[in-house]
Structures are given as C-alpha cells and as structure tokens.
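Notes to accompany the following structure.
The values are calculated or read from the model by the stated rules, or taken from the named source; none is laboratory data. This structure is a prediction, so every number in the text was calculated from the model and none was measured. No Cβ is skipped: glycine too gets one built from the backbone with ideal geometry, and neighbour counts run over all protein chains shown.
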C-alpha cells in the first residue's frame, strides 16, 4: 500500500513539475522596468494559445516580434483572429527583451492609427 502511495506522489510531482516548467516568467524574458514604443505596419498576426504574436515592420525597415496575451484572453477583450490585417498601421508600446540586439517586446499597449482601435492599460485590457 505504501509503495503505491509513493509511486502516486512521485508521478504527481513529475507531472506538476512538467507543467510548471513549461510556463515561463515574463520578468525573466523581458525587462518590465522599461518600455519601448514602436510604430509601423503589421506584417503578421498569430492568434493562438498560450501567447499570440504580432509582427510589425517599423519605418526604418526593422521587423519586431511582439508577444501578446493568448487567444482565449484576447477574445475576452473583443480581439479575434480577424481584428488585425496585414498592412494595418500600428503603434505598440512594450517591454523590451533582456537579450541585447533582439527586436522583441512584450505587449503593454496597442493602437491601430487608422481607426483608433486600442488595447492595453489593464482593467481587462479594454478595446475602444
């Protein structure tokens, strides 16, 4: 009986450990004390879980990858896979990556300049 209990505890610990390892901390990847604002045209929008991504090209030709919330979370803020289109002019504010030279951000706020659609500022990440 004790050996079965030990096996169950070990199996549970292993399974829990795998799920905890699979998720990362934003603070370990991004510098949450800094913010960068990038303006450009949308190149790609990947609406998925666990995190969506927006790729934009800035005026100087630099491509940026911006990590966003997951699809299920964004749906609760009225953002879906059809909300953004390639070529949309956007301004994105985000936390830069801790890796020098990478052009990646963690999304803090988003605005589409053609119609003023915006996301960010907490409180449910409201879309105007």
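Does residue 116 satisfy the condition of being more than 16 Å from the chain's Cα centre (by Cα), more than 16 Å from residue 55 (Cα to Cα) and at pLDDT 90 or above? So that I can check it myself, show each step before the final result.
Working: more than 16 Å from the chain's Cα centre (by Cα): yes; more than 16 Å from residue 55 (Cα to Cα): yes; at pLDDT 90 or above: yes.
Here the answer is yes, as residue 116 does meet what is asked.
Six or more apart or on different chains, Cβ atoms under 7 Å: show the pairs whose first residue is in region 74-97 and on the phi > 0 side of the Ramachandran plot and whose second is modelled with pLDDT of 95 or more.
87/41; 87/42
Could you check region 46-66 and list, in sequence order, the residues that are farther than 16 Å from residue 108 by Cα and assigned to a strand (DSSP E or B)?
Residues satisfying the conditions are 46, 57, 58, 63.
May I ask you to say which residue of 27, 69 is out of contact with any strand residue (DSSP E or B) (no Cβ under 7 Å at 6 or more places or on another chain) and in a loop (DSSP other than H, G, I, E, B)?
None of the other options fit; the residue is 69.
Within region 49-81, track down each residue that is exposed (fewer than 14 other Cβ atoms within 10 Å of the Cβ) and in contact with a helix residue (DSSP H, G or I) (Cβ under 8 Å, 6 or more places away or on another chain).
49, 80, 81
Which pairs do you get when a residue that is under 19 Å from residue 27 (Cα atoms), found in region 106-128, comes within reach of a residue that is modelled with pLDDT under 85 and part of a loop (DSSP other than H, G, I, E, B), reach meaning Cβ atoms under 6 angstrom, with the pair 6+ apart or on two chains?
From residues that are under 19 Å from residue 27 (Cα atoms), there are no pairs.
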